[in-house]
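A.B. asks: Here it is, the structure, as structure tokens.
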Amino acid sequence: MTHADVLKAAGLSADELSGGTLAVHSPIDGAEVARLTETSAADMDAIVARSRTAFQSWRDLPAPRRGELVRLLGEELRAAKDELGAVVTLEAGKITSEGLGEVQEMIDICDFAVGLSRQLYGLTIASERPGHRMMETWHPMGPCGVITAFNFPVAVWSWNTAIALVCGNPVIWKPSEKSPLTAMTCMKILDRALERFGDDAPDGLVQLVIGGADVGAAMVGHKDVAIVSATGSTAMGRKVGPKVAERFGRCILELGGNNAMIVAPSADLDMAVRAIVFSAVGTCGQRCTSLRRVIAHDSIRAELVERLAKAYATLPIGDPRAPGTLVGPIIDSAARDRMLAALQIARGEGGTVHGGEAVEAVTGGAYVSPAIVEMPAQTDIVRTETFAPILYVMGYTELSDAIAMQNDVPQGLSSCIFTTDLREAETFLSDAGSDCGIANVNIGPSGAEIGGAFGGEKETGGGRESGSDAWKGYMRRATNTINYSRELPLAQGVKFDL
Ligand code: UN1
């Protein structure tokens, strides 16, 4: 299928793909596939006002009814899975299976959110006063601004949107300027769900804004955007976080990772090798959860590197649409340049680089061979997140040193240990173990499933999305004390009688 066919099958008309100023390129071959009209930052007031109006009626619908819209969205996503997956491949360069996997993640979060729409539990709390009941209730917050990155252009939107909607919040979505077409496709799919849902859904319940940093900044700075959920680089989060904090808005940040795997002497190396290859080179190393560091016990390190180098040598690199390809393009040539520059720095810091070269796969696309870099120590470049398939390998002798090394980076998203030793596994998961938001045993750091809270600490931003009680980030909590007695006792035994 040509790019035009893929976009047509996704329901995007030639008209809406042309006439604007934002050029959209496919990383597969660098072809320009659209020129989109951008949202002006000056329109943000009107967009937010529309969202606030939508909020006033959406919050009045019972949550299970709001969940019905999300259930329909899940159905429409199931029906459009192939078409949307193909646009993800076109626009983000993911191999077909990963494009489809991303849509599956959307379906999964819809299912999760539908169940949640019949929960949103509060608490009852024992009151010290007779004839009193104390409870905690959860309420919608208002417009939720969602900023998403190019690498998960649709799943991250759905994590936020499915939950924001059941929680009673309208959404304003600012996708990466590198991936607006997947966003437009999602809006069409959502429109079909809205149509089936009927009149209960207000206009402007979910709005899309297309453009660059200025339109994002207008949304982030707007006092009526109650929640800003931003996924992307730590540099972006450093701008967004303080801006939202300045106006006391709610922020959910999911930023950079520098995810490690400790490979212990007892590890099943066959499994470790497979897990490493998937998590280090999958999505061309462009997941926030991508494996970037292996900390291998000195007794197995040489063997592990040899097996990895062998596996890397056979990796099918090329057109992500072709069956069998495992490594598609990196997002653009600037990202490839950053990868090659990082490898140069690693060499300067004592690293031995295997792979990591520009590859001529499809003319016009930026392709690379994933790199394994043996490092003498965890130097500055290792502690920096380079959004590319670079895997640094270091050694250890004592587990406590390996854990200290795993934690000694600014980021804190995902982590794992490969071991068959129960004591080591539990130590890694303990209070003194990994400091990340995600810590796994005998599973790589990427490819988390829906259900668990997703996010991490330190420069990863601290936000949690998608699973567990992450919904609480999208609601405000009220503590209610109800007096059903005929007395008015004060707490703490305070007397204040007239
Ligand atoms: C991201 O890269 O921003 O755990 C999200 C994973 C995916 C989500 C990644 N489920 O790798």
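Please treat every number below as a calculation from the coordinates, not as lab data. Predicted model, so just to flag it, every value in this text is computed and none were measured. Cβ coordinates were reconstructed from backbone atoms using ideal geometry, including for glycine residues, and neighbour counts include every protein chain displayed.
A.B. asks: So if I place +1 on the C-beta of Lys and Arg and -1 on the C-beta of Asp and Glu, and nothing else carries charge, what would the dipole magnitude of the stretch 269-383 be about its Cα centre? I want it in debye, nearest 20. Mind dumping the intermediate values first?
C.D. replies: Details: 12 positive and 12 negative charges, 56 e Å.
So the dipole magnitude of the stretch 269-383 works out to roughly 260 debye.
A.B. asks: Can you pull out the chymotrypsin sites (Phe, Trp or Tyr not before Pro) in the stretch 163-269 that DSSP calls coil and that have at most 15 other Cβ atoms within 10 Å? If you can, show how the numbers build up before the last one.
C.D. replies: On the way: sites: W173, F197, F248; in loops: F248.
Qualifying residues, ordered by number: F248.
A.B. asks: What fraction, in whole percent, of alpha-carbon pairs in the stretch 357-498 exceed 26 Å separation?
C.D. replies: Taking all Cα-Cα pairs of the stretch 357-498, the fraction more than 26 Å apart is 49 percent.
A.B. asks: Given the peptides 211-222, 51-62, arrange them by the average over their residues of other C-beta atoms within 10 Å, most packed first. Provide the component values of the computation, followed by the final result.
C.D. replies: Numbers: 211-222: 19.9, 51-62: 17.4.
Highest mean packing first, the order is 211-222, 51-62.
A.B. asks: Using bins 5 angstrom wide from zero, how does P(r) for the stretch 1-82 break down, in % of all Cα pairs?
C.D. replies: The percentages, shortest bin first, are 3, 11, 12, 13, 14, 18, 16, 9, 3, 0.
A.B. asks: If I model a spin label as a point 7 Å beyond the Cα along the Cα-Cβ vector, how far apart are those points for T314 and R118 in nm?
C.D. replies: 4.8
A.B. asks: For the stretch 246-367, calculate the relative contact order in percent as a whole number, restricting contacts to Cα pairs under 8 Å that are 6 or more residues apart.
C.D. replies: Numbers: 130 pairs, mean separation 25.4, N = 122.
It rounds to 21 percent for the stretch 246-367.
A.B. asks: Once you've got the Cα coordinates, tell me which of K223/K458; K243/K458; K178/K239 are over 22 Å apart.
C.D. replies: Values: K223/K458 26 Å; K243/K458 18 Å; K178/K239 19 Å.
Exceeds cut-off: K223/K458.
A.B. asks: Kindly provide the Kirkwood hydrodynamic radius of the stretch 148-293 in Å, to one decimal, from all pairs of distinct alpha carbon atoms. Mind dumping the intermediate values first?
C.D. replies: Working: mean 1/r = 0.0580 Å⁻¹.
With all distinct Cα pairs of the stretch 148-293 included, I get 17.3 Å.
A.B. asks: In addition: What translational diffusion coefficient, to the nearest whole µm²/s, does the chain have by Stokes-Einstein, given a Kirkwood radius computed over alpha-carbon pairs, a temperature of 20 °C and 1.002 mPa s viscosity? Please list the in-between numbers first.
C.D. replies: Details: Rh = 23.9 Å.
Answer, rounded: 90 µm²/s.
A.B. asks: Give the residue from L304, V114, A149 lying farthest towards the positive end of the charge dipole for the chain; charges sit on Cβ (+1 for Lys and Arg, -1 for Asp and Glu) and the dipole is referred to the Cα centre.
C.D. replies: V114
A.B. asks: With N set to the number of residues, divide the alpha-carbon radius of gyration of the stretch 123-213 by 2.2 N^0.38 Å and report two decimals. Can you show the working numbers first?
C.D. replies: Numbers: Rg = 17.9 Å, N = 91, 2.2 N^0.38 = 12.2 Å.
Relative to the 2.2 N^0.38 Å estimate, the stretch 123-213 comes out at 1.47.
A.B. asks: Starting from the coordinates of the alpha-carbon atoms of the stretch 326-409, obtain the Kirkwood hydrodynamic radius over all distinct pairs and give the value in Å to one decimal.
C.D. replies: 13.6
A.B. asks: Hey, got a sec? Which chymotrypsin sites (Phe, Trp or Tyr not before Pro) in the stretch 72-162 land in a DSSP loop and have at most 13 other Cβ atoms within 10 Å? Walk me through the numbers on the way to the answer.
C.D. replies: Working: sites: F112, Y121, W138, F150, W157, W159; in loops: Y121, F150.
Listed in order of number, the matching sites are Y121.
A.B. asks: For A453, list long-range residues whose amide hydrogen, built 1.01 Å from N in the peptide plane, is under 5 Å from its own amide hydrogen.
C.D. replies: G467, S468
A.B. asks: Below 8 Å between Cα atoms, with a sequence gap of 6+, how large is the relative contact order for the chain in percent?
C.D. replies: Working: 1101 pairs, mean separation 89.3, N = 498.
RCO, the chain: 18 percent.
A.B. asks: Still on this structure: Identify all aspartates and glutamates with a Cα-Cα distance to K188 below 13 Å; exclude those on the same chain that are fewer than 8 residues away in sequence.
C.D. replies: E16, E76, E83
A.B. asks: Using just the alpha carbons, could you tell me how many Å³ per residue the convex hull of the stretch 238-302 encloses? The partial results should precede the final answer.
C.D. replies: Details: hull volume 7.6 nm³, N = 65.
For the stretch 238-302, the hull spanned by Cα atoms encloses 117 Å³ per residue.
A.B. asks: Another question, if that's okay. Under a Cβ-only charge scheme (Lys and Arg +1, Asp and Glu -1), can you give me the dipole magnitude of the chain about the Cα centre, in debye to the nearest 20? The partial results should precede the final answer.
C.D. replies: Numbers: 45 positive and 61 negative charges, 252 e Å.
Computed about the Cα centre, the dipole is about 1220 debye.
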